[in-house]
1. May I ask you to evaluate 6.51 cos²θ - 1.76 cosθ + 1.60, the Karplus curve with θ = phi - 60°, for each residue of region C:646-663 and list the ³J(HN,Hα) values in order in whole Hz, giving x for glycine and proline?
2. Measuring from the lowest to the highest alpha carbon on each principal axis, how far does region A:1-140 reach, largest first, in angstroms?
3. What would the Debye equation give as log₁₀ I(q)/I(0) for region B:152-225 at q = 0.12, 0.14 Å⁻¹, counting only Cα atoms as equal point scatterers?
4. Just tell me which aspartates and glutamates come within less than 14 Å, Cα to Cα, of A:Lys14; anything on the same chain fewer than 8 places away is out.
5. From a point 7 Å beyond the Cα of A:Arg116 in the direction of its Cβ, which residues of region C:441-464 have a backbone N at a distance under 11 Å?
6. Against the empirical 2.2 N^0.38 Å scaling, what ratio does the C-alpha Rg of chain B come to?
7. Report the charge-dipole magnitude of the protein assembly as shown in Debye, nearest 20, computed about the Cα centre from +1 at each Lys and Arg Cβ and -1 at each Asp and Glu Cβ.
8. Determine ³J(HN,Hα), in whole Hz, for all residues of region B:321-336 in sequence, where each value follows from phi through the Karplus function 6.51 cos²θ - 1.76 cosθ + 1.60 and θ = phi - 60°; x replaces Gly and Pro.
Amino acid sequence: MTESLGIELDSVCKSYGTQVVLDRAAASIAPGEFVAVVGRSGSGKSTLLKLIGGLMSPDSGSIRHGPHELARMSETELTLFRRRELGFVFQFFNLVPTLTACENVQLPLALNSMARPKALERASTLLEQLGLSGCADRLPDELSGGEQQRVAIARALAHEPSLVITDEPTGNLDLETAGEVLDLLIESCRNHAATLIVATHSRDAAARADRILRIVNGRLEPIA
Amino acid sequence: MTERRVIVAACVAFLGACLALGGCGPERDEGRAATGAGVTGVRYLAGGEDSAGFARATERRAFVFPADHGAHDRFRTEWWYFTGNVFDDDERHYGFELTIFRIALTAPGPIRESSLAASEVWMAHLTVTDTARRRFQVAERLSRGAAGLAGATPTGEPGEPVVVNVEDFAMRFSGDSVALEAADADFGIELTLAGLDRIVAQGDDGLDRRGPEPGNASFYFSAPRLRVEGEVRSAGRAPVAIEGTAWMDREWGTSALSPDIAGWDWFALQLDDGRDLMFYRLRGRDGSTSRFSGGSIADAAGNVTRLEAGSVELAPIREWTSRRTGVTYPVAWRITVPDQNLELGIRPRLDEQELDVSVRYWEGAVSVTGTAGGEPVGGVGYLELAGY
Amino acid sequence: MKLRLLALSSLRFYRRHPWQLLLAVAGIALGVAVFLGIERANDSARRAFDASSTAAREQTTHRLLPVAGLMPESHYVALKRDRRYVDSAPVLEVPVTLSRAGGPPVDVTLEGVDLIEETTVRGPRGAIAGGDPARLLTEPGAILADDTIAALFEVSAGETLTLRAGGETHEVTVIGTIADAAGSPRLVADIATVQELGGLPGSLSRIDLRLDPTAAAALADALPAGTVLVPAAAEDQALRQLTRAFNINLTALGLLALVVGMFLIYSTISFTIVQRWRSIAVLRAIGLDRRELLAKLLGEALVIGIAGTLLGLVLGRLLSAGLLELVLRTLDDLYFRRALGAAEPSGLLYLLSAALGIGATLVSALIPAVLASRREITSSTRSRLERGARTLARRFALAAVPTAVVAVVIVRLSESGLWPAFVALFLVLVAGAMLVPLATHVLMRRLERPVARLAGLPGRMAVRGVTDSLSRTGVAMAALVVAVATVISIALMIASFRASLIEWIDTTVTADLYVDIDPGWAGEIEPALAAIEGLPDVDGLSRMRLARITTANGELSLRAQMPGPEGYGVDVVEPASAAAETLLAGDDTLLMAEPLAYRLGLRAGDALELPTVGGLRAFAVAGVYRDYNTAGAELTMALQTYRRAFGDDALTSIGVHVAPGADERGLAAAIRDELGPERPTRIRSTSFIREVSLEIFDQTFRVTEVLRLLAGIVAFLGILSALMALGLEREREFAVLRSLGMSVRQLFAQNLAQTSLLGLAAGIAAIPLGSALAWLLVHVINRRSFGWSMDFVVSIDAMLAGVGMAIAAAALAGIYPALVGARADMGLAWRDD
């Protein structure tokens, strides 16, 4: 596991056509911190997460993970960075439909060139930890929504990333399951000392964060 | 008959075209629609066909029979021409034409090893006009002049018949009569014509000039009133016995028509009063009558009066347009011979008597009504219209 | 309003996915183009061929032939003087040898005709260029050369040629040229000229007649002595049948292209439905009924069909020009007949192509459209679709069995006839296509473990991706399999044919040198032959007489032979394992070439009547031998039998069997010496015959190469369309993978691996299908088309080439979609729609 890195956003701007989404947004996130990002629909939460995850480049401003300035990294470096340092959990469509739960969890390990037996062992352990032992050989469409999200969390954490980015990870789940999944996510990140950034509408989820950032008119405003 | 020479010329021209094009239908029709085979023929002949090696008609001569019923190989062109008006027992009228043309492509050369070798093309036309049924029937034969396929038997011995044939169409001259035998699938003739002893030498005692140059002339004689007996078959029916009168024209020569001649109109009429009239008008491109036009009028007693170009007035009185070829012919005429006090109306037995074969022309049976010296006179005859 | 909105939704969908529209249009366009191209070429070729083959006989109804040798011309004159037979034309054909400085002499036919009768009896012959045809009559030695000879000898009107005929050398003047017509290269001259050149005054080969039935009956009752009257159509009929067979073969290929195009449409329409399922479901939810949905989908198909068809008509016209050239050349090679050139086909063909194009589009769109309109609104998840597809795959596979059975039954029940054979062929194709989804499924399950071991999880994903997408790739796969199977089958058929041909040539060509003998040199040749036989390097001689005889079954080639040390050189197929020597030992026996036997429905043991010197005589068909010669209307008999029956003791050629290791060139010179300088001859070494024959063979099948390529392109487009759509559908999955840290290259490689696997599967599936088709082509279609039998050759090369082509097509088609997929916007992972 790598050391978690601090994240620095400095006057980040992003617009889609004439619509300004982020306007000189700035923030600083400490290693291992759990930050919730809130805001109205369309306020730019997802954009912010994509920018932080290097899936998209800002129009201007800088985003740094520790010493790494994302804008200065090549496509290959970015890919390697994501492969090693990041884990994602999405609202929908998280799992590769043609791979079983266990194989989905092994995927980041395989990409990081972990030997197959070792990867299988690690994936099995993770699934067991998340209470999914029985589901290991099922395909995603044979799993319930909660199970799918738990597999997604396992996959996001499998390679012990330093940063986990999730966008409404529980938005698609019933309240009870949502709570369980969130618990699992937060606990796992804490265990691995990974930084966790969650975009959410859920007050409950936000309330459990170390810090809440709200996007208002393209700017990041801390909520005490 | 000068005019028929043009037919022959046309025939030669057509043969050339026919061989060259493989006789393809469309081309043939186009060519005809554009110019007309007769006109092409005139040009062909006038354009200077090589007449080297051929004999020419320069001096008058006496006609000798049976030799002159046969072929005259040393001249380029020759024809045997029979037309007649006949009636069956019910007085139904039929017209017939049987003609044979000989066209030499080159002057006779050395005899070749193959008996099929030929330098002559022979052509024959048979028509039967069935006036009652309003049908005009045509058949044609074309052949090389060799091996008995077409030709005339060598003649010389008096008393021996002379046979002229193109394939199955045949004329048998024997004494003063001639037997004609020609048939197609649905019609035909089997006739005996008597009266070859009465001959009219046309032109200058048989030498008929066609142009100002010496040698540009033909030997030409007619048997103007042959008595016809025999059978005619028409429209696929059984043969019927007929009787009537016929006209024979015989001509041979190596002559050429002037290029400004468009065609001709030929009349051969047998009048009730015993007189036989022949006149041909060479028609200039401008519609004028050439000074080399001419004819004759012969009475029963054997007196022949020559008709000069200017002595006959011709006026077309009705035209007919062929549905088949689109060509318009003047099929009815008024003929006036002031010197003879003759005024004749010529009407076709049938409008549609056009031959659309290798050469295209109109040749048909006509009836004659009019006055001779103020007295009413009737008659029968044949009219030929070429170059339209 | 409703309609407008529906149309708008369709329009917007396709505006967002223009390539899908384009590919569908291109698919149908190509199908139509290939069909029209082939048919147009076919049609033109057929007309041109008809024109050339019937040109000389269009009006000829009968032929009067001498029972043997020649007939006197007096027969002809007699006919001409009878009104009933006046439409008759004389023909004298004389083989002549044209010599030229610096080249080998060339054997041609000198045809003597009467040009005046040509036009009235035999119909138009094509244009004569150059001279005044009247010179043919008036000039002894005036000839027309056909274009082939004119080109070969570089002669034009007015120049002379030297020819040998009847044992003498003549100078003839070319007064013009004539278009090539039926048969071998020829000179045409007036009948009298040919009589003189051939030294045959008074003789004719035959008389062509135009007779009505009454006249024909009358003539048959009163035949001139020593002649037979045969209908002229018989021989033409044989050629016409062959051409028709060739045409049907081509048409089948054209239809095949259209079928592959149909797969493409089917695939595209299914795809757009899957892709739009959500919006379709919404439309249905808010009240669009099934019929309206069906109408909407079919309406789209109609527009695509019309656009594709129009494009196809234009393309087809262009294509046909090129194809025509190939088809004509093939006809030339097959039948040694030169067609007169292209004729513009009727507008009907365009209408037919258009109707087929639009009809095919609608038919192929109907199935997915009906399925879509019947589907429950809520059944939208993909996995269920996939499971449905798997069930469907099983059902299709089950349906394939009866389809194949029907094909077998059709072949069994129909004794002959090409159309049933082609119906069976198509049924087998369809059965094969129906098996493809299940076969792919099974194959992928087998492949998964080894591939996963080799390439890890991405490999496993690639394999599963193939199975998983079967509902959408299945049809494209089937199209690919059909195309590849066709290619394999044609390749196998050609390989079989080629192998059999080589064997046939090796059997047939026994001698090492063939020496042409002047046919006029009959009696005195034996001493010369004995001298040649005595030459040190000569192991033996075979004597051969080739004759054309006209029978009630048309004109046949007769090969009369006195075999050399290696026997007759015929490959007897019936009765099995019989030697020609034994079979031909009896009196009045002959062997018959297989195509002729097939055409006449004769077998060993039957009898055949031939016109001999003594009148019609029955010969026993002692056996049937293989013959891949063009028309294949050949008989073989012992030379002594021939001489007895036909009273002709001339020879056409002798075969010289050369001692091993001898110098052929030196021997050829020695043979020339023995024959004497006054008998110049052509000596051919057989060492080239094989190459030349194979060259002609390969040339003949070049047209199929083009068609193979076209079928390949259509299949390629199909698979491209499927993969493009698939890639689009999986964009989000790609985005997830990318966000997991998969590089563009990895993703591209994985995509490409998947499509290559698809190609591999198609290729493997195509092998058994292609073999089955090839079997049908070899044993049913070719047999019924040409009467040829051949040994089936399993060519591993052809099969591997097919698999390679399938992989290449799929991989090529996969490149662009893989690139697009690999570069997918990672942000897509974020949200659902």
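1. Result, rounded to whole Hz: 10, x, 10, 10, 6, 10, 9, 7, 10, x, 10, 8, 9, 4, x, x, 6, 8.
2. Taking max minus min along each principal axis of the Cα atoms, region A:1-140 gives 48, 32, 27 Å.
3. -0.48, -0.63
4. Hits, sequence-local ones excluded: A:Asp23, A:Asp59.
5. Zone members listed by number: C:449-460.
6. Rg over 2.2 N^0.38 Å, computed on Cα atoms: 0.92.
7. The calculated dipole for the protein assembly as shown is roughly 8560 debye.
8. Result, ordered by residue: 10, 6, 6, 6, 10, x, 7, 9, 10, x, 9, 10, 9, 10, 10, 10 Hz.
Since every read-out is calculated from the coordinates, none of them should be taken as a lab result. Predicted model, so just to flag it, every value in this text is computed and none were measured. Glycine also receives a Cβ, built like all others from the backbone with ideal geometry; neighbour counts cover every protein chain displayed.
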